[in-house]
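Peer 1: Below you'll find the structure I mean.
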Amino acid sequence: MRRTRVDRGVLRARSTNLIQHLRTPLYRNAYALVANSAVSAALGLVYWVLVARLYGAEDVGRNSAVIASVIFLSGIAQLNLRPVLSRFIPVAGTSSRRFITLAYLVSAAAAVVVGAVFVLGIQLWAHDSVYATIRSTPLLALSFIGMNVLWCIFGLQDGVLIGLRRSVAVFVENSLFGIAKIMLAVVLALQVVTPCPGIVVSWVIPMGVAFVVVKCAVFLRLFPADLPAPS
């Protein structure tokens with residue numbers, strides 16, 4: 001009986017220490033980012049396995065080529081601002097909103113330029129019919145550039161949330177994004193809604209929703225009430 005009480009006391013003490021450990025912002029944010037990487041990788045694996053089963057090989061190849069191009073171009077257009085945001089938002093103080101807005105605008109402008117150059121020069125570096133289709137109509141070309149801008153800002157959002165010490169929100173956002181992609185890919189594969197290019201659409205819709213939700217949360221709720229002066 002005495003040993004049982006001691007064991008319970010040890011477990012209670014360890015639980016208390018663990019809770020206090022997780023309440024420390026540094027550790028909590030670090031664990032959230034580690035979990036974000038693991039869960040995003042797992043959901044990505046599930047997504048592409050399902051896509052490979054539900055869609056034809058040609059559809060998977062074409063759509064994945066478009067997505068890979070958008071990710072590559074937006075990575076260039078982000079201008080490595082994601083770690084810059086994480087580093088300087090904590091010391092930007094009352095200038096944080098202006099700093100974030102400026103980073104978004106600069107990166108979005110770069111995304112438009114990079115996307116436009118890619119579309120206009122498709123025939124020089126890509127002769128595949130996938131990219132020829134993108135340039136076939138102004139609407140598709142503008143949609144591709146818009147996807148590039150959207151993915152660019154979507155990537156910078158993580159840097160903003162990390163800079164605001166909201167890494168748990170990064171985990172939640174990317175986890176919901178991965179789950180939504182999977183659900184939409186399945187629904188569109190069954191053509192319940194419309195026979196559209198479901199793989200690309202399953203990325204764009206959750207990305208657009210996350211874009212709006214995170215922007216509203218960042219500018220309306222997540223900023224501290226008492227921001228210090230910029231240092």
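The values are calculated or read from the model by the stated rules, or taken from the named source; none is laboratory data. Here the structure is a predicted model, which means the values were calculated and not measured. No Cβ is skipped: glycine too gets one built from the backbone with ideal geometry, and neighbour counts run over all protein chains shown. We work out accessible area using only protein heavy atoms, side chains counted, and drop any ligands, DNA or RNA first. Shrake-Rupley method; radii C 1.70, N 1.55, O 1.52, S 1.80 Å.
Peer 1: Put a dot 7 Å past each Cα toward the Cβ at VAL168 and SER37; how far apart are the dots in nm?
Peer 2: Roughly 2.1 nm, to one decimal.
Peer 1: About its Cα centre, what dipole magnitude does segment 39-118 give when the only charges are +1 on Lys and Arg Cβ and -1 on Asp and Glu Cβ, stated in debye to the nearest 20?
Peer 2: The calculated dipole for segment 39-118 is roughly 360 debye.
Peer 1: With only Lys, Arg, Asp and Glu charged, each at its Cβ (+1 for the first two, -1 for the last two), find how big the charge dipole of segment 71-181 is about the Cα centre; round to the nearest 20 debye.
Peer 2: Charge dipole of segment 71-181: 380 debye, to the nearest 20.
Peer 1: Using only alpha carbon positions, build the gyration tensor of segment 77-157, then give the equivalent ellipsoid semi-axes as the square roots of 5 times its eigenvalues, largest first, whole angstrom.
Peer 2: 32, 11, 9
Peer 1: So for each of 152-159, 89-96 I average, over its residues, the number of other beta carbons within 10 Å; can you give me the resulting order with the highest mean first?
Peer 2: Per-residue mean Cβ counts within 10 Å order the peptides as 152-159, 89-96.
Peer 1: At a 1.4 Å probe radius, carbon and sulfur cover how many percent of the accessible area of segment 21-86?
Peer 2: Answer for segment 21-86: carbon and sulfur cover 69 percent of the accessible area.
Peer 1: Cβ neighbours within 10 Å, averaged per peptide: list 98-106, 25-33 in order, most packed at the top. Intermediate values should be presented prior to the final figure.
Peer 2: Details: 98-106: 16.0, 25-33: 13.9.
Listed from highest to lowest mean packing, they are 98-106, 25-33.
Peer 1: Output ³J(HN,Hα) for segment 149-163: one whole-Hz value per residue in order, computed from phi by the Karplus curve 6.51 cos²θ - 1.76 cosθ + 1.60 with θ = phi - 60°, and x for Gly and Pro.
Peer 2: Taking θ as phi minus 60°, the curve returns 5, 5, 5, 4, 5, 4, x, 5, 4, 4, x, 5, 5, 5, x Hz for segment 149-163.
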